[in-house]
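Let me begin by presenting the structure, written as structure tokens, before commenting on it.
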Amino acid sequence: MDTTAFLRWLQGTMTEKGASHRKRIIRFQHTEDFRRFVHEWSEMKGSVSTLQAVRQMGIIQAISCPIPDDSPHRRFDGRVWVETDQRVRIHGVTSRVPAPEKGIPWGVAHVKAPQAWSTTTGHKIRIGVVDTGVDFNHPDLRGSLARGINLLNRSLLPHDDNGHGTHIAGTIAAANQPQGMIGVAPRSLIHPIKAFDHNGSAYVSDIILAIDWCVRNRMNIINMSFGMKSRSKALLNAVTNAANAGVIIVASSGNDGKRRAIDYPARYPQTISVGATTRLRRIAPFSNRGIYIDIYAPGDKITSAWLKGKYHEMSGTSMATSHVSGAVALLLAKHPELTPTEVKSALRRSMQPLRGKKAPRMTGELDIAKMLQIMEK
């Protein structure tokens, strides 16, 4: 491939006036083409301001940039694939200020995390939380936070301007007893990756950059409390490469109350897909469900950390996912050699049956004590 010609074409098309520009993901079929492109682009972007809008995603040999609807594969057919850079949303349903609740939240107790703490607290397990950032000053999170990245503005820390990311981090790893709350894996480390804006919206390319960062920085787990309805080959490619690198990806199924469909990336088999339950061990009415769900966990009226050192109650499959990420951290701290496939198997072999006449028999609810017990046999 003539990467110089491709760069010139890219420069011209990105500055084209009167055209409708949309963010695209352009994947190179051949590694050598991608390497040559990155080398030439790196040398040119300092002097060509247009090219500074191009972002490279090494994990899938791709770039993202705004280009017109006239896609480049017509000129560079067979050498690149092009897809629209879609929008992704976080999976929170409702949010309100709760009645004061300190100590162990109901969901953390419900999945039997406290029974595990005498043998594992998730010590030093690294969890990449791809979300809206985190409140660095929250007293319950200060001891649980490690280095992250702000993909929306790399010169800033990944500060949370929404609340969702802080809520997720709290359920996974809050550690402030007896003054505040405690999460599922209180000695695990949260690496906040801000890919979502204050409205809880991101592009697929932001998610791929986040996955890339997690793989390069050797995260053990990636928490993905978000989703979209349509498939993305680029995102599947990134998820597959991360799983092949040994990273466990936990993803929320979505909040549409669907019985036979769940959102992406949870629908990809390389992830652990999570549905939400209530205190009564029933599937929450808002939760997507069905054959694509690997496991259920508490997701209804979950109290956790919030902005400005406060607490909030939220419902959603996002909240269920954070319980499962914490459970995986507890498991990996004891059995660091486990692969993503083995972790999923351990979760599924130790589930509690769900309640309700129409409850699925093939899957159930997270039970940490049983999971750890099974692993000792």
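Every number here is computed from the coordinates shown, using simple stated rules; none is lab data. Quick caveat, the model's predicted, so the values are computed rather than measured. When we count neighbours, we look across all protein chains shown, and the Cβ atoms used for this are built from the backbone with ideal geometry, even at glycine.
Can you give me the C-alpha center-to-center distance between segment 324-377 and segment 251-292, rounded to a whole angstrom?
That distance is 16 Å.
Which whole-Hz ³J(HN,Hα) couplings does segment 36-50 yield from phi under the Karplus relation 6.51 cos²θ - 1.76 cosθ + 1.60, θ = phi - 60°, glycine and proline marked x?
The phi angles translate into 5, 4, 4, 4, 5, 5, 4, 6, 8, 5, x, 9, 10, 4, 4 Hz.
If each residue's Cβ is checked for other Cβ atoms within 10 Å, how do M362, M57 rank with the fewest at the top?
Ranked by crowding around the Cβ, least crowded first: M362, M57.
Count neighbours as other Cβ atoms within 10 Å of each site's Cβ, and list the trypsin sites (Lys or Arg not before Pro) in segment 212-291 that are DSSP loop with at most 10 such neighbours.
Filter output for segment 212-291: R260.
Taking the chain as the reference, fit the longest principal axis to its C-alpha atoms, fit the long axis of helix 3-14 to the helix C-alpha atoms, and give the angle between the two in degrees, 0 to 90, nearest 10.
Helix 3-14 sits roughly 80 degrees off the main axis of the chain.
Report, to two decimal places, the Cα Rg of segment 217-270 normalised by 2.2 N^0.38 Å (N = number of residues).
For segment 217-270, the normalised Cα radius of gyration is 1.15.
Specify the residue with the greatest mean-square fluctuation among L338, L307, L235, computed from a Gaussian network of the chain linking alpha-carbon atoms under 10 Å apart.
Largest GNM mean-square fluctuation: L338.
Count charges around V38 for me, please; just the other residues with Cβ under 12 Å from its Cβ, Lys/Arg as +1, Asp/Glu as -1.
My count for the surroundings of V38 gives 0.
Given a Förster distance of 35 Å, report the FRET efficiency between D197 and K377 from their Cβ-Cβ distance, rounded to the nearest 0.05.
Using R0 = 35 Å, I get an efficiency of 0.15.
Can you list the HN-Hα couplings for segment 55-69, worked out from phi with the Karplus curve (6.51, -1.76, 1.60; θ = phi - 60°), rounded to whole Hz and with x for Gly and Pro?
Each residue of segment 55-69 in turn: 10, 9, 10, x, 4, 10, 6, 9, 10, 10, 5, x, 9, x, 5 Hz.
Kirkwood hydrodynamic radius for segment 3-85: how many Å is it when counted over pairs of different Cα atoms?
12.7
Consider the candidate values [x] 16.5; [y] 18.9; [z] 19.9; state which one is mean projected area of the Cα convex hull in nm² computed from the structure displayed.
Evaluating mean projected area of the Cα convex hull in nm² on these atoms matches [y].
Please compute the modelled spin-label separation between T4 and S155, points set 7 Å along Cα→Cβ, answer in nm with one decimal.
Distance between label points: 3.4 nm.
So how much slack lies between A109 and E32, counting 0.36 nm per residue of separation and subtracting their Cα-Cα distance, in nm?
Between A109 and E32, full extension yields an extra 22.5 nm.
Quick check: residue separation of Q352 and A146 times 0.36 nm, minus the Cα distance between them. What number comes out in nm?
So the chain would gain 70.9 nm between Q352 and A146.
Roughly what % of DSSP beta bridges within the chain run antiparallel, to the nearest 5?
Here the share of antiparallel DSSP bridges comes out near 55 percent.
Using a cut-off of under 16 Å, list every residue of segment 324-352 whose amide N is near the label point 7 Å from the Cα of A245 along the Cα-to-beta-carbon line.
Taking a point 7 Å out along Cα→Cβ of A245, the residues of segment 324-352 whose backbone N falls under 16 Å are 340.
Which whole-Hz couplings ³J(HN,Hα) result when phi for each residue of segment 154-168 is put into the Karplus expression 6.51 cos²θ - 1.76 cosθ + 1.60, θ = phi - 60°, listed in order with x for Gly and Pro?
Calculated HN-Hα couplings, in order: 5, 7, 10, 6, x, 6, 7, 10, 10, x, 4, x, 5, 4, 4 Hz.
Could you list S315, S230 in order of exposure, starting from the residue whose Cβ has the fewest other Cβ atoms within 10 Å?
Ranking S315, S230 by Cβ neighbours within 10 Å, fewest first, gives S230, S315.
Restricting to DSSP H runs of at least four residues, report the calculated mean residue ellipticity at 222 nm for the chain, -39500 (n - 2.57) per run over all residues, nearest 500 deg cm²/dmol.
Calculated mean residue ellipticity at 222 nm is -8500 deg cm²/dmol.
Any idea how far apart E40 and K370 come out in nm if each label point goes 7 Å out from Cα toward Cβ?
Here the modelled spin labels are 5.8 nm apart.
Would you pull out the residues with amide H under 5 Å of N150's amide H, same chain only if 5 or more places away, H placed 1.01 Å from N?
Those qualifying (amide H under 5 Å, at least 5 residues apart or on another chain) are K194.
Treat each spin label as a single point 7 Å out from the Cα along the C-beta direction, and report the T341 to S49 distance in nm.
About 5.2 nm separates the two model spin labels.
Among P298, P192, P285, determine the one that fluctuates most according to a GNM of the chain built with springs between C-alpha atoms less than 10 Å apart.
Of P298, P192, P285, the Gaussian network model singles out P285 as fluctuating most.
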